[in-house]
Amino acid sequence: MTLTLNQIIQRLETLALSHKQIKSFFVGDVADLLSYKDVEYPLCYVNVDAGQVSTSEKKTTFNFKVYFLDLLNVSDKALQNEWELKSDLTSIAQDYIAMVNYSGYSKDWQTDVNYNLQIKTYDMNDVCVGVQVDIAVKTLFANNRCQVPATGITFESPQSSIGVPYWYDAKYVGNYLYKANGTEGNTITIGSLKNRQILMVFQGDKLLEDTQYTYNSSTGQFTFTYDLENEQVIQILTRNII
């Protein structure tokens, strides 16, 4: 499943506010944060950094700088208070990383194995102690020109380096949509997908696991672990068998 930037931010916010020690969430530039009047600490602040689209890996990468901030109580024991806050915020950051890496999210995003941490004091409207975490989120990039909302242009199938249309080239990814009529039961046969490698199968926007269907490449037959319902859409990404 492909996630939009907005959907990723919404998940980052949901995870942050689910933590019992985080009181508020903000996403935007530093200038926007400084003018934000409803800050409650501890705060989770997200700054959207540069990203990358890879047509070879079929991935879009969004980079975020995530800050966990709390007010520094300047007192006779300011230094002790500062290190207590740094310790607490580091623990919160570690909790957040654990939630971001929840295995149930692996169907629609991938995250890093290692995370950079910065622990320091920030002088904003308030003097804060903060822990910064760099988080990169990768999601599916279908690279499907057929889904582009464009008019007045036709995308022809160019010839590959071996003199045949890219559809027959092993590197070309095909996108097939099937709409069920409710009478198929749990089996469909798509002749045009014979002798093709199945990359991904979606039911609507849900990525199916390999255990939820079987595929016979010699016949193009798919057998699902459930009966298809009327107007249920199955999307199948394929390429030639190498």
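What the table shows:
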| read-out | value |
| --- | --- |
| Odd one out for VAL66 among (1) part of a helix (DSSP H, G or I); (2) crowded, with 18+ Cβ neighbours inside 10 Å | (1) |
| Residue selected from segment 192-242 under the condition in contact with a Ser or Thr (Cβ under 9 Å, 6 or more places away or on another chain) and in a helix (DSSP H, G or I), by the criterion surrounded by the fewest Cβ atoms within 10 Å (Cβ to Cβ) | THR211 |
| Residue that is in the same structural domain as VAL131 (by TED's automatic domain parsing), over 14 Å from VAL133 (Cα atoms) and in a helix (DSSP H, G or I), where the choices are LEU15, LEU89 | LEU15 |
| Filtered residues of segment 76-104 (kept if of a type in the set (Ser, Thr, Tyr) and free of Cβ contacts under 8 Å to residues at least 60 places away in the same chain) | SER87, THR90, SER91, TYR102, SER103 |
| Qualifying residue in segment 37-52 (condition: under 15 Å from the mean Cα position of the chain (by Cα), surrounded by 14 or more Cβ atoms within 10 Å (Cβ to Cβ) and assigned to a strand (DSSP E or B)) | yes |
| Single match in VAL48, VAL53 (criterion: within 24 Å of GLN118 (Cβ to Cβ) and either in contact (Cβ under 8 Å) with a residue 40 or more places away in the chain or of a type in the set (Val, Ile, Thr) (or both)) | VAL48 |
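The values are calculated or read from the model by the stated rules, or taken from the named source; none is laboratory data. Just so it is clear, the structure is predicted and the values come from calculations on it, not from any experiment. Counting neighbours? That spans all protein chains shown, and the Cβs are built from the backbone with ideal geometry, glycine included.
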